[in-house]
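Novice: This is the structure, below, for whatever I ask next.
The values are calculated or read from the model by the stated rules, or taken from the named source; none is laboratory data. Source: prediction; values computed, not measured. Neighbour counts are summed over all protein chains in view; Cβ atoms, including those assigned to glycine, are modelled from backbone coordinates with ideal geometry. Heavy atoms of the whole protein, side chains included, go into the accessibility calculation; ligands, DNA and RNA do not. Shrake-Rupley method; radii C 1.70, N 1.55, O 1.52, S 1.80 Å.
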Amino acid sequence: MNSNHGGRLFSTGIVVFAISIAALLFGRATPAEATRALSTRAETIRIEDSKGASVAVRLPVRRLVVLTSDALEIVRALGAVDLVVGVYSDIEKNPLFWPTLKDRPKVGSWKAISYERVVELHPDAVLCYAQRPGREMEKKLEPFGIQVIRLDFFRIERLAKEIETLGRILEREKRAGALSAWYRRHLHHQRDMLKTITACPKVYIEGDSNYHTAGPGSGGNDMCLLAGGCNLAAKLSIPYPEVSPEWVVTGDPDVIVKITTRSICDSCYTMTERTPLKNISDRLMARPAWRHIGAVKKGRVHVIANEIWTGPRAIIGTSYLVKWFYPELSTEFDPETLHREYLESFQGIRHQGIYVCPE
């Protein structure tokens, strides 16, 4: 036996012995729990979560439950799908977009999970939104040594930073750097295009629920402002207010942007024709008294898919907004080309689907 081989056997023996000792120290621990108990002593880093709180995270993270599609896109972009042991249940509605992840164990939704199922998977961490599920999740999972990491990935201004944060946690810093640089480059390009704009169009944004709009503090408001629009709801008091039909008509927006409803489009990635989106646009323009709105008169009513509205693909969404707000600038870039680059280069899947109406 050569010395290198003997050294490896000796090191392996130490690890096995250490895990056995950890299992004794931590009671009826599973092998994953025992390994995690040891790894807590290896390294702890501090990150800033999406609420701006400083949080200690134990490394390495080798088993991960992901509760949101936004976070799962970033995990896949970082080349870390091998770490994912549990996912949100609605992933089954979009199997073509998630061909290698759709069959992973399901644990519930972004706002309500099965704690028992999560614990059974023995993850090192659960990745979720900053606000949901509520803070009771930490109390229920911490006794099992499971960390809660709250990163949103839906605010376009924070996205690059959050990508780099997750890259540190998952030890994928190089991939995170490439993706965050891609975002920053295209954000800079959009801002640069709009430098000479002196007057912005008035914009009404409607979410997937009728007359619910995007106010200050919402991802939709951020996107509208970034694309050079003047959001009618920007001065309201809450992020997602409900407004009246009269409020919209009085505001007389120059452009209307409607987000696809889940009942119409669970996954625009599988759509092959624009009819479902056009039907949404037609119903909007047929609303009582809306014929008096400037956007309706001029045909500037647009429908955009949830998939590219906020979230990791918000940069594609803002590209369409720039195109709709300032048609004279549309020759400088093509949102569909940008979307193709993102899906094929960072998500590793083919570009397909229909995401806007009209183009």
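Novice: For the stretch 53-62, state whether one or more residues are polar (S, T, N, Q), farther than 21 Å from Ile146 by Cβ, more than 15 Å from the chain's Cα centre (by Cα) and modelled with pLDDT under 95. Explain how you work it out, then say what you get.
Specialist: Our first condition is that a residue be polar (S, T, N, Q); within the stretch 53-62, this holds for 54.
Filter once more, keeping what is farther than 21 Å from Ile146 by Cβ: none.
No.
Novice: Quick one: which residue in Ile316, Ile304, Ile293 is over 21 Å from Trp98 (Cβ atoms) and within 25 Å of the chain's Cα centre (by Cα)?
Specialist: Exactly one of Ile316, Ile304, Ile293 is over 21 Å from Trp98 (Cβ atoms) and within 25 Å of the chain's Cα centre (by Cα), namely Ile304.
Novice: Does any residue of the stretch 68-80 turn out to be more than 15 Å from the chain's Cα centre (by Cα) and in a strand (DSSP E or B)?
Specialist: No, the stretch 68-80 contains no residue that is more than 15 Å from the chain's Cα centre (by Cα) and in a strand (DSSP E or B).
Novice: For the stretch 291-307, how many residues meet the condition of being open to solvent by 40 Å² or more (accessible area, probe 1.4 Å) and β-branched (Val, Ile, Thr)? First the steps, then the outcome.
Specialist: Residues of the stretch 291-307 open to solvent by 40 Å² or more (accessible area, probe 1.4 Å): 291-292, 297-300.
Going one step further and asking which of them are β-branched (Val, Ile, Thr), we end up with none.
Of the residues in that region, 0 qualify.
Novice: Quick check on Val257: is it open to solvent by less than 10 Å² (accessible area, probe 1.4 Å), farther than 30 Å from Pro95 by Cβ and at pLDDT 95 or above?
Specialist: The answer is no for Val257.
Novice: Quick test of your reading of the structure: Phe97 fulfils all but one of (1) modelled with pLDDT under 95; (2) part of a helix (DSSP H, G or I); (3) surrounded by 15 or more Cβ atoms within 10 Å (Cβ to Cβ). Name the failing condition by number.
Specialist: Phe97 satisfies all of (1) modelled with pLDDT under 95; (2) part of a helix (DSSP H, G or I); (3) surrounded by 15 or more Cβ atoms within 10 Å (Cβ to Cβ) except (2).
Novice: Applying the selection to the stretch 159-207, what residues are within 19 Å of Ile315 (Cα to Cα), small (Gly, Ala, Ser), outside any helix (DSSP H, G or I) and without any contact (Cβ under 8 Å) to a residue 40 or more places away in the chain?
Specialist: Residues satisfying the conditions do not exist here.
Novice: Can you tell me which residue is modelled with the lowest pLDDT among those in the stretch 343-359 that are in contact with a strand residue (DSSP E or B) (Cβ under 9 Å, 6 or more places away or on another chain) and surrounded by 14 or more Cβ atoms within 10 Å (Cβ to Cβ)?
Specialist: Only one residue fits best here, namely Cys357.
Novice: Report, by residue number, each residue of the stretch 325-342 that is open to solvent by less than 20 Å² (accessible area, probe 1.4 Å), more than 22 Å from Val75 (Cβ to Cβ) and in a helix (DSSP H, G or I).
Specialist: Phe325, Pro335
Novice: Shifting gears a bit: Going through Pro216, Pro288 one at a time, which residue ends up being more than 18 Å from Gly317 (Cβ to Cβ), open to solvent by 50 Å² or more (accessible area, probe 1.4 Å) and at pLDDT below 95?
Specialist: Criteria check complete, one pass: Pro288.
Novice: Does the stretch 126-147 contain at least one residue that is within 30 Å of Phe333 (Cβ to Cβ) and in a loop (DSSP other than H, G, I, E, B)?
Specialist: no
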